[in-house]
Structures are given as structure tokens and as C-alpha cells.
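Taking it in order: structure first as C-alpha cells, then the write-up.
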Amino acid sequence: MDERVIGRSGQWASVVGLGTWQLGADWGDVDEKEALAVLEAAAEAGVTFFDTADVYGDGRSEESIASFLRGRPDLHVLVATKMGRRVEQIPENYVLANFREWNDRSRRNLGVDRIDLVQLHCPPTAVYSSDAVFDALDTLVEEERVAAYGVSVETCAQALTAIARPNVASVQIILNPFRMKPLYEVLPAAREAGVGIIARVPLASGLLSGKYTRDTVFAADDHRTFNRHGEAFDQGETFSGVDYGTGVEAAAEFAALAPQGYTPAQLALRWIIEQDGVTTVIPGARSPEQARANAAAAKLPPLPRETFTAVRELYDRRIRDQVEHRW
């Protein structure tokens, strides 16, 4: 699979990575055997970038990745984790002492001395403007606890503030055919600054797979049940912030745009891969079959120009007014 450099880090990631939130929590139950099978399928399909976080299953996702990689010393996989969501979300908690504590825990979970890439996990907006925060992150690099650092953001404004920081290697942001606002300013700014872009929630929590209807029922412990209106965390993380009914209807139209040989999910992933400035896209997978199908999007032919035009028209008509003013 093609790889791209992650901005200023000098590290490389496959253009399709693997998001592993679902291997820890908030997507219904996934047992350890299933989690390892997903990781194996992704790696065998050419994925060299796993994205996780210290709060995914309270560290379970990190531990699953470590268990898998211990059994596959032949693989070179870059592992990015996140930190910051283990405490009350106030800027005062984003300090070096906490960073060291969280880093120690993640390094134990991952079984490594140095983490490839650590990202602030959607912190309060004020954190992105704090010199002390980024000085502390620089210290983690100097202490060889991490090789590089980036940020995960909710809004385009947060992304632009982070991109202006001289040592930020990457920005992780929601980008998909139902969340196009980052195309306007964030991707151009990242390209100019040499900052990598990690595109998350690429399938709008599965909406863009075209598999759901208004009658679909998700498990009680699935965020698509308990966070539709932002009850637990930012609403934008669930269905990209799109009203579910609207999303289902728009997703049906989106599915009809898939060229021959593409699934709707692969159309969404390919659309993201082809955006200038994207480093990697990180779909999740609940099964080996999903992991392989997602990875296969990297090898599909480029999309026709008319497909991009049709996707944009659908977004402008059905989605834009719901999401752009918020994120």
C-alpha cells in the first residue's frame, strides 16, 4: 500500500490506516480474539498505521495492539495514541506532570519505551493557544518518551491554531463526504506548514456504508445510541454531527454515486485519500472482512471528476447547513 509522510515527524503511514476506538469501547462488545483478528487482517492488507487512545476501553485498545505486535515482530507498524481525556476537561489539567503520568501508562500498555506519535485528545480550545502546553510536549520529545506529537481536534479553528505551532507533526480531524469544511482552510494550511492530516470518522460512524435505515437499532453501549445529541462527548464524533434521519437519507443517495467496483464505504475512503493534503485515513473495523475491504480502497482507481462533483452537490444540498456552523 502507498505510504505518505506524517508531516514534520519524518515518519510514514499507509494511506489507509486503522482506527481502533471500536476495539476498546463505545461500539458494542468486541472480544480479544476478534480484536486481534481485525489487527491481523489490516496488517496483512498493507496497513502500517494504527491509531488508538488511552481511554479506548480504559487502555484495552492499546493493550490489544501491543499483544498483536508482540506476536508479529516482522511487522513495521507506526502506532499513534492520544492522551488527555482521563481527567476533567479543563485547561489546568494539561500540564507536564499529567503528560508524564499518561505517557507512562500508555508506554506500559503498548509495551514500548518510546511512543511513535502522541496526540492531545480533543482538549479544551484554550489548550491549543497555551505556550506551556506545547513546551511540555517538547519536553516529552526531549526525554525520548515520544518520537513526535500532534493534536486531535473537533473544529477547524482549533486545527488552524495547532498548525501554527512549529513542532506539531500532525492534526487529526473529522473529514468525510458529510464533513467537508476542513477542505477550505485546514488542508491548505497544513500543506503549507508541512503538517500531516489524519482523517478520522471517515464513514460518518458507518452512515456512509449505506447499510443503515431509520429502523436500525444499535447496542445500548454503542455511542450511536447514547451520544446522538452529544450527551457523552462532542456530538460531531457520532454520525459526524448529522441528524440520523437526514444522514440515512443522504447516505442512500451517496451509495448510488459509487462507481462500478466500489462499495459506498470505499467511495468515501477513496474520496478522502484523493484530497490534497491528507496523509492517512483511519476507518475502524469490527471484523477482518471490514478491515480488508477498507484497505482495498487504497488500490482502487482514482475517482472520476463527475463523482467528486456529485458528492459535493449532495453535501451542499443535504448536509452543509447542519454541520459547517458548528465545527
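The values are calculated or read from the model by the stated rules, or taken from the named source; none is laboratory data. The shown structure was predicted, so the numbers you read here are calculated from the model rather than taken from an experiment. Cβ placement follows ideal geometry from the backbone for every residue including glycine, while neighbour counts extend to all protein chains displayed. Calculation scope for accessible area: heavy atoms of the full protein, side chains included, ligands and nucleic acids excluded. Shrake-Rupley method; radii C 1.70, N 1.55, O 1.52, S 1.80 Å.
For region 299-314, name all the residues that are in contact (Cβ under 8 Å) with a residue 12 or more places away in the chain, part of a helix (DSSP H, G or I) and surrounded by fewer than 20 Cβ atoms within 10 Å (Cβ to Cβ).
Selection gives K299, T307, F308, A310, R312, L314.
From the residues in region 315-327 that are surrounded by 18 or more Cβ atoms within 10 Å (Cβ to Cβ) and under 21 Å from the mean Cα position of the chain (by Cα), which one is farthest from T125 (Cα to Cα)?
Y315
State whether the residues of region 165-181 include one that is closer than 15 Å to G277 by Cα and touching a Cys at 6+ places or on another chain (Cβ under 8 Å).
yes
Tell me whether region 271-289 contains one or more residues that are over 21 Å from R179 (Cβ atoms) and outside any loop (DSSP other than H, G, I, E, B).
yes
Any idea how many residues of region 84-106 are in a loop (DSSP other than H, G, I, E, B) and open to solvent by 50 Å² or more (accessible area, probe 1.4 Å)?
6
How about region 46-83: which of its residues are of a type in the set (G, A, S), within 24 Å of K299 (Cβ to Cβ) and surrounded by fewer than 21 Cβ atoms within 10 Å (Cβ to Cβ)?
Answer for region 46-83, where residues must be of a type in the set (G, A, S), within 24 Å of K299 (Cβ to Cβ) and surrounded by fewer than 21 Cβ atoms within 10 Å (Cβ to Cβ): just G46.
Could you please find all residues in region 225-247 being farther than 21 Å from E88 by Cβ and in contact with a helix residue (DSSP H, G or I) (Cβ under 7 Å, 6 or more places away or on another chain)?
Of everything in region 225-247, those that are farther than 21 Å from E88 by Cβ and in contact with a helix residue (DSSP H, G or I) (Cβ under 7 Å, 6 or more places away or on another chain) turn out to be R228, H229, T238, F239, S240, G241, V242, D243, T246, G247.
Every residue in region 107-139 that is out of contact with any Gly (no Cβ under 7 Å at 6 or more places or on another chain), within 18 Å of I6 (Cβ to Cβ) and open to solvent by less than 30 Å² (accessible area, probe 1.4 Å), please.
L110, I115, V118, F134, L137
In region 140-158, which residues are over 17 Å from the mean Cα position of the chain (by Cα) and more than 17 Å from K82 (Cα to Cα)?
E142, E143, A157
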